[in-house]
1. Looking at segment 449-470 only, could you name the residues that are over 16 Å from Ser490 (Cα atoms), out of contact with any Gly (no Cβ under 8 Å at 6 or more places or on another chain) and open to solvent by 50 Å² or more (accessible area, probe 1.4 Å)?
2. Of the residues Met315, Met306, only one is free of Cβ contacts under 8 Å to residues at least 60 places away in the same chain, of a type outside the set (D, E, K, R) and farther than 30 Å from Phe502 by Cα; which?
3. Could you name every one of the helices (runs of 4 or more DSSP H) located completely within segment 312-420 that has at least 1 residues being among the basic types (Lys, Arg)?
4. Taking the residues in segment 300-311 that are of a type in the set (Gly, Ala, Ser) and part of a loop (DSSP other than H, G, I, E, B) as candidates, determine which candidate is most open to solvent (accessible area, probe 1.4 Å).
5. If only one of Ile434, Ile400 is closer than 29 Å to Asp226 by Cα and either surrounded by fewer than 17 Cβ atoms within 10 Å (Cβ to Cβ) or among the aromatic types (Phe, Trp, Tyr) (or both), which one is it?
6. Restrict the check to segment 353-372 and report whether at least one residue is free of Cβ contacts under 8 Å to residues at least 24 places away in the same chain, open to solvent by 60 Å² or more (accessible area, probe 1.4 Å), closer than 25 Å to Leu437 by Cβ and not aromatic (Phe, Trp, Tyr).
7. Which one is farthest from Val473 (Cα to Cα) among residues in segment 240-258 that are open to solvent by less than 30 Å² (accessible area, probe 1.4 Å) and at pLDDT below 85?
8. Based on this model, can you work out whether Phe491 counts as surrounded by 12 or more Cβ atoms within 10 Å (Cβ to Cβ) and closer than 30 Å to Pro179 by Cβ?
Amino acid sequence: MFRYLILLVILCVNNVLSFPQGATTGTCNAMVPVHQSNVPQSGNPPITLIVPDQITAGSQISVIIRANPGQGFAGYKILARDQANNFIGRFVETDGVGLLNCGQLQGSAATHTNAIVKTEVVLTWEAPQTSEITSITFFVTIVQTFAVFWVNYQTSSIIVPSYDVYQGCGVTKACFGIPSFCVPNRSCEMLSAVTYDNPNFTFELLSTANHNYVAMGLSNSQSMGDSSVIECVRLQAGITSFKSWTIGISGAQRLGTDANIIDFVEGWDVDGRIYCKVQRIPESVVSGVSFDLVNNNFYLLLAGGMAVGPNSVGMHSNEGTSHARILLTEPQIVDVETAKNPLKLTHGALMIISWIGLSSIGIVIARYFKKSWPDSKLCGKDLWFFWHMLCMALTFVLTIAGFITIFVYTGEWRTSAHAIMGCIVLVFTVIQPIGALFRPDPNDVARPLFNWFHKAFGTITHLLAVITIFFAVRFPRVGLPHYTLYILASFVAFYLLMHIIFMTINICGQMKRNKTSNSSSSKKLPYQVLQKTLLGLFITVIIVFVVILCVVFMLDFD
């Protein structure tokens, strides 16, 4: 009896100590654990090996070893081989997962690190970044006890789409990706590649950001409007492509099937990535605009997002435009336009300081504080008029400087809503002080009419300038985060609220003065302490808005 007890203890110890820390590299080829003279079980192991149907080069996937109901396993070893039976890929080391180097390939196999009975193991495996692999097979050995194990259980061959868009970039393809400098690093969230094979062009579109669509536009300007677009869209039926035309800033309109411009070649959707290959004819007319891909240069625009409608894609969450027009027949790597150029940064900062800051303060002072300092003058001018004139003169100078700066930067005219409205604001900005030079004398009968036109013209100019800044936020090339819109909207709300408050105080003050005095002289209105305190608050908050917007724009928080 004692001998049987000792034998049982030895078997139990042997059973535990034989594989507590996993397999060794010596078992990479045969995948047979060294468990003395025990032989593998026949048939399938009591587990399910869960892997995707398709794997893209360079992607990470989850590989799940799951025990059948009522079963468990103490140890495992798993690795992957390609169609030539070579070890490939690597596993990611996590708690309870040990890595082995098979075929001198670091982390190419994974194994257990303890002998605790398991019902499920979730592994992360990364495919190699190469287009030479067409299929992958996973092999697993499962150990239930020292004497019970299954060897080299394998999955069916997993297809690897040969999509390597990066292959040939700058050599045979013109490649444009987002974010900046992502093409050399093969790390783009969105990528377009154009190959010219006379007479046709092949367009490849890739999104790795789990978008429902990625779209590429060809445009004569850096705005999203008036562009010929190729869409790569994820639908319930699978991946497909559409041709569309962007209309100003309002969206995109799909073109009918009679516009035979593109042919869909292939597409796939794997691990949150979508890919399309499309052929496009070299010459076409889209919405009345001619596109000669062989002889003309175009800006490249990329956009991606989640919203997909029945007739168009929706708002994009990621976007970018090329830094210059390019010729699609020339292989090259095209970088994205960024907001880091000093001239462009200067332009943005000058316009923010002018129209969010100085003009807002100058307008409020002129409108509500004419009677706040009746006995105070500066440089021979009423105090309110001096500060109003100073703010508006600085606005005039900085606007002219900003206009010159952006033209020096671009070196050309670029048609867009922002540019057109910016020119209108510039013209109004020049007209306003010129008109002020010819204002009638205070006692002239035409003075009230002049005052009304001067006030209205200034208000309209300020309104157009703020709207123009709103348009700038939506430009891909500006690189501003979407929350900039909320900052601008908060400024507008605060600005309008303060107008209402100042107007109310002025009306109440006028009513109180009329009740207490018959004089219509220029005495200070009541509530001036409150009014001036609120002016200090107003100026402080406006400065805060200016600083925040300049910081967001200058530092490019995207």
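The values are calculated or read from the model by the stated rules, or taken from the named source; none is laboratory data. All values reported here derive from a predicted model rather than from experimental measurement. Note that we place each Cβ from the backbone using ideal geometry, even for glycine, and neighbour counts take in every protein chain shown. Quick note on the areas: whole protein, heavy atoms, side chains included, nothing else; ligands and nucleic acids left out. Shrake-Rupley method; radii C 1.70, N 1.55, O 1.52, S 1.80 Å.
1. Across segment 449-470, the qualifying residues are Leu449, Asn451, Trp452, Lys455, Thr459, Ile460.
2. Residue meeting the stated conditions: Met315.
3. Details: elements: 342-351, 359-368, 383-410.
Fully inside segment 312-420 and qualifying: 342-351, 359-368.
4. Ala307
5. Ile400 is the lone residue from the list that is closer than 29 Å to Asp226 by Cα and either surrounded by fewer than 17 Cβ atoms within 10 Å (Cβ to Cβ) or among the aromatic types (Phe, Trp, Tyr) (or both).
6. Yes - at least one qualifying residue is present in segment 353-372.
7. Per the criteria, the residue is Ser244.
8. Yes; evaluated as a whole, the condition is true for this residue.
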